[in-house]
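> The structure's right below; bear with me while I get my questions together.
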Protein chains: 2
Amino acid sequence: MTAKSQVQWTEDALTALRVGKGFRLDDVDPESTPGYAGDKAASKADLAAGLAELAEYQERLFAASRGGTSKDSVLLVLQAMDSAGKGGIIRHVVGGVDPQGIELAAFKAPTEEELAHDFLWRIEKRVPRPGMIGVFDRSHYEDVLIGRVRGLAEPQEIERRYGAIVDFERRLAESGTRIIKVMLHISHAEQGARLMERLERPDKHWKYNPGDVDERARWPEYMAAYQTVLSRTSTDEAPWFVVPANRKWYARLAVQALLLEVLESIDPQWPVADFDVALEKERLRATL
Amino acid sequence: MTAKSQVQWTEDALTALRVGKGFRLDDVDPESTPGYAGDKAASKADLAAGLAELAEYQERLFAASRGGTSKDSVLLVLQAMDSAGKGGIIRHVVGGVDPQGIELAAFKAPTEEELAHDFLWRIEKRVPRPGMIGVFDRSHYEDVLIGRVRGLAEPQEIERRYGAIVDFERRLAESGTRIIKVMLHISHAEQGARLMERLERPDKHWKYNPGDVDERARWPEYMAAYQTVLSRTSTDEAPWFVVPANRKWYARLAVQALLLEVLESIDPQWPVADFDVALEKERLRATL
């Protein structure tokens with residue numbers, strides 16, 4: 001079922017973008033707009049309508065957790081090559097939601113303390129509480145992406161992590177968290193253009209790091225590492241979605257649609273009052 | 001200097017709303033709109049224009065900290081009686097800013113672990129990092145407000161806290177945090193109407209708590225506790241601003257104006273590249 005508010009979808013995003021059995025990253029065209037019939041202009045109305053729907057769902061999700069009856073939460077995991085548009089998703093999709101209902105965690109290079117622990121130690125501390133929409137800007141997947149490409153851990157340790165991730169995410173799902181894992185997929189050429197833009201605009205220089213070109217040189221290795229991640233960790237409890245991201249408008253709309261469809265399936269309800277409403281009105285009226 | 005983008009101010013909000021020597025809370029009319037010449041309709045355009053300006057300042061503040069050269073951050077402290085509109089400020093003013101630049105902390109009743117420490121222990125852990133706009137939804141001031149009204153600590157401990165707060169905030173300011181403390185001020189009658197609305201709408205029941213009427217019965221004691229807070233802790237390093245809040249549109253606009261004026265005075269700049277831009281363009285071009 002496609003999101004109610006976004007009218008130009010021909011297929012729901014949860015199906016159109018899902019990484020299933022036999023998925024090959026190579027087959028995804030980063031320019032494509034799977035499942036969506038509209039163009040950039042049409043997407044604006046859909047994104048705005050989706051924002052309003054998302055805001056209501058978020059408030060209901062939050063409210064439902066207050067009575068202590070619902071344990072539901074949502075976790076959006078964002079992974080991507082540099083400049084693929086994670087920041088834009090957070091600004092334009094997540095940013096449309098009440099900040100009181102969002103728990104955003106950005107995972108940078110681990111600190112010495114974090115490295116001394118298992119790689120999931122710092123992740124566990126940031127999983128969303130009931131009622132919240134958690135957003136991971138990078139995640140534990142860095143430990144099998146850059147971790148593998150840069151040889152930051154022994155091969156057998158990298159190997160162990162895939163299974164540890166699947167177990168961890170299953171436990172998270174069992175405790176009430178709906179997990180949506182998104183890889184924003186841009187082409188090598190598009191990344192080049194975006195990095196060049198950062199170099200051309202002095203107000204974007206702070207976003208550029210000479211290391212970006214070094215990572216870019218390892219593009220094929222990263223794609224291979226992503227392929228392995230997608231093949232081995234896309235489960236029913238914590239599925240992966242590959243979102244073509246050369247067109248920023250599509251990527252934003254698609255991530256919003258994924259959130260909307262998951263929230264629609266949770267369908268959180270306003271909790272019933274656990275106090276006597278008539279009595280409280282009387283008590284309050286006496287103070288007016 | 002009033003915020004550039006909000007054109008209907010006749011006086012800057014930092015002056016019009018400032019708690020200075022001899023300030024009396026009783027003198028503030030919660031219906032008033034100090035310093036602002038526009039009406040509700042005009043405020044919409046000003047709020048929208050302010051949002052765009054705030055978004056740019058936030059990005060600059062964030063960028064300026066990346067080089068490690070700037071330690072500037074902003075901390076907005078929100079205090080108010082129940083239903084005064086803290087949530088609306090967070091949704092409509094803070095919510096307009098990139099979530100990546102916001103650190104929001106909501107302080108509820110302290111846990112057992114928090115109570116075992118000094119009252120500022122849990123606060124210190126949530127102060128904003130350089131480049132961030134921190135927002136406290138309630139704060140250490142609860143410990144001299146409900147703490148005093150409900151006798152949650154001995155009078156001499158409450159007394160000690162005023163000085164401890166002033167010292168703590170001075171240290172925070174010295175390390176680069178610009179502190180804006182806001183009391184949203186509604187009238188007793190307005191609170192009654194807002195609580196009644198919560199009781200009348202089933203989708204608002206979850207926001208209501210029978211304890212709200214009990215706290216309301218102590219309104220005069222709370223106002224006295226606020227008066228003491230305002231008199232004793234409004235300093236040059238961490239001034240208080242009392243924002244009349246019966247009109248929600250004014251309160252939102254005023255808090256936005258306070259943020260804008262403080263950011264204008266910081267005037268964060270895009271950092272200069274610490275790499276050779278021409279060389280990087282060349283390296284990147286070789287990969288295209």
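> Counting just the residues of the stretch A:181-212 that are small (Gly, Ala, Ser) and open to solvent by 10 Å² or more (accessible area, probe 1.4 Å), which one comes out farthest from the other protein chains (Cβ to nearest Cβ)?
The selected residue is A:Ser187.
> Here is a follow-up. For the stretch A:256-265, state whether one or more residues are polar (S, T, N, Q), open to solvent by 30 Å² or more (accessible area, probe 1.4 Å), within 11 Å of chain B (Cβ to nearest Cβ) and farther than 17 Å from A:Gly88 by Cβ.
Looking for residues that are polar (S, T, N, Q), open to solvent by 30 Å² or more (accessible area, probe 1.4 Å), within 11 Å of chain B (Cβ to nearest Cβ) and farther than 17 Å from A:Gly88 by Cβ, one finds none in the stretch A:256-265, hence no.
> Something else: Of A:Leu279, A:Leu288, which residue is in a helix (DSSP H, G or I) and either within 17 Å of the chain's Cα centre (by Cα) or without any contact (Cβ under 8 Å) to a residue 12 or more places away in the chain (or both)?
Being in a helix (DSSP H, G or I) and either within 17 Å of the chain's Cα centre (by Cα) or without any contact (Cβ under 8 Å) to a residue 12 or more places away in the chain (or both) holds for just one of A:Leu279, A:Leu288, which is A:Leu279.
> Looking at the stretch A:3-30, which of its residues are part of a loop (DSSP other than H, G, I, E, B) and surrounded by 13 or more Cβ atoms within 10 Å (Cβ to Cβ)?
Those that are part of a loop (DSSP other than H, G, I, E, B) and surrounded by 13 or more Cβ atoms within 10 Å (Cβ to Cβ): A:Ala3, A:Ser5, A:Gln6, A:Val7, A:Gln8, A:Glu11, A:Asp12, A:Leu17, A:Val19, A:Phe23, A:Val28, A:Pro30.
> Every residue in the stretch A:85-115 that is more than 7 Å from chain B (Cβ to nearest Cβ), in contact (Cβ under 8 Å) with a residue 24 or more places away in the chain and among the β-branched types (Val, Ile, Thr), please.
A:Ile89, A:Val93, A:Val97
> May I pose another question? Could you check B:Gly96 against (1) over 22 Å from B:Arg194 (Cβ atoms); (2) open to solvent by less than 20 Å² (accessible area, probe 1.4 Å) and say which number it fails?
That leaves (2) as the condition not met.
> Another one. Output yes when any residue across the stretch B:51-59 is of a type outside the set (Asp, Glu), touching a residue at least 60 places away in the same chain (Cβ under 8 Å), in a strand (DSSP E or B) and open to solvent by 50 Å² or more (accessible area, probe 1.4 Å), and no when none is.
no
> Further question: Just one of B:Gly147, B:Gly101 is at pLDDT 95 or above and over 25 Å from A:Met132 (Cα atoms); which is it?
B:Gly147
> Counting only residues that are more than 8 Å from chain A (Cβ to nearest Cβ) and free of Cβ contacts under 8 Å to residues at least 40 places away in the same chain, how many does the stretch B:213-242 have?
4
> Does at least one position in the stretch A:143-166 carry a residue that is open to solvent by less than 70 Å² (accessible area, probe 1.4 Å), touching a strand residue (DSSP E or B) at 6+ places or on another chain (Cβ under 8 Å), more than 11 Å from chain B (Cβ to nearest Cβ) and acidic (Asp, Glu)?
No, that holds for no residue.
The values are calculated or read from the model by the stated rules, or taken from the named source; none is laboratory data. Computed from a prediction, not measured in an experiment: that's the story for all the values here. Backbone-built Cβ (ideal geometry, glycine too); neighbour counts: all protein chains shown. Remember, those area values only see protein heavy atoms, side chains included, never the ligands or the DNA or RNA. Shrake-Rupley method; radii C 1.70, N 1.55, O 1.52, S 1.80 Å.
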